[in-house]
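The values are calculated or read from the model by the stated rules, or taken from the named source; none is laboratory data. As the structure is a prediction and not an experimental result, all values here were calculated from the model. Don't worry about glycine lacking a Cβ; one is built from the backbone with ideal geometry, like all the others, and counts go over all protein chains shown.
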Amino acid sequence: MSASIRGLLFMEAMKPPFFPLYRRLREHLEQDPIGQVAFVRAGSSIADVPLNHPIYNLDVGGGSLLVIGPYEAFLALDWLGPVERVQTFGQIGPTGIDTFATLQTKHLNGMAQLLLRSWAPR
């Protein structure tokens, strides 16, 4: 049964914007100590996750973009503004989900390179 039918809200808990350290960093950048941020490069990788983990399950929407991608995308959106253009390259793994993705994004105030990887055991 869906959350909307039950009158519930279902959402990802995007925590980084509420971390004290991140808030201090935002305040620091807003004071323009180094100039406007114009480029973001962010990446992450998950290693040695068994193939039966939900990250590799197409039926539950797994994949590196879903599991680790939102955090990198958040940085680019928060610091560079709205996305104007996206270029992507990826690799589909043995279970049908993306195990590698790289995104180059053009934003209102700059550009970003995002790298996401989930390593399947051999």
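Of all the criteria given as (1) assigned to a helix (DSSP H, G or I); (2) surrounded by 15 or more Cβ atoms within 10 Å (Cβ to Cβ), the one not satisfied by ASP59 is (2).
Would you confirm, using the coordinates I've provided, whether GLN91 is closer than 24 Å to ASN52 by Cβ, out of contact with any helix residue (DSSP H, G or I) (no Cβ under 8 Å at 6 or more places or on another chain) and part of a strand (DSSP E or B)? So GLN91 fits the description; yes. The numbered conditions (1) buried (at least 17 other Cβ atoms within 10 Å of the Cβ); (2) touching a helix residue (DSSP H, G or I) at 6+ places or on another chain (Cβ under 8 Å); (3) over 30 Å from SER2 (Cα atoms) are all true for LEU80 except (2). If the condition is being in contact (Cβ under 8 Å) with a residue 40 or more places away in the chain, hydrophobic (A, V, I, L, M, F, W, C) and over 19 Å from TYR56 (Cβ atoms), then segment 76-114 contributes TRP79, LEU80, MET111, ALA112, LEU114.
Of all residues in segment 30-53, those satisfying the criterion of being surrounded by 10 or more Cβ atoms within 10 Å (Cβ to Cβ), modelled with pLDDT of 85 or more and not basic (Lys, Arg) are GLN36, VAL37, ALA38, PHE39, VAL40, ALA42, GLY43. When you check TYR56 against the structure, is it touching a residue at least 12 places away in the same chain (Cβ under 8 Å), under 12 Å from ASP98 (Cβ atoms) and not polar (S, T, N, Q), yes or no? The answer is yes for TYR56. A residue that is assigned to a loop (DSSP other than H, G, I, E, B), over 23 Å from ALA13 (Cβ atoms) and modelled with pLDDT of 90 or more occurs somewhere in segment 108-120.
Look at VAL86 and say whether it is of a type in the set (Val, Ile, Thr) and assigned to a loop (DSSP other than H, G, I, E, B).
Answer is no for this residue.
In this entry, LEU114 passes the filter for residues that are surrounded by 16 or more Cβ atoms within 10 Å (Cβ to Cβ) and in contact with a helix residue (DSSP H, G or I) (Cβ under 6 Å, 6 or more places away or on another chain).
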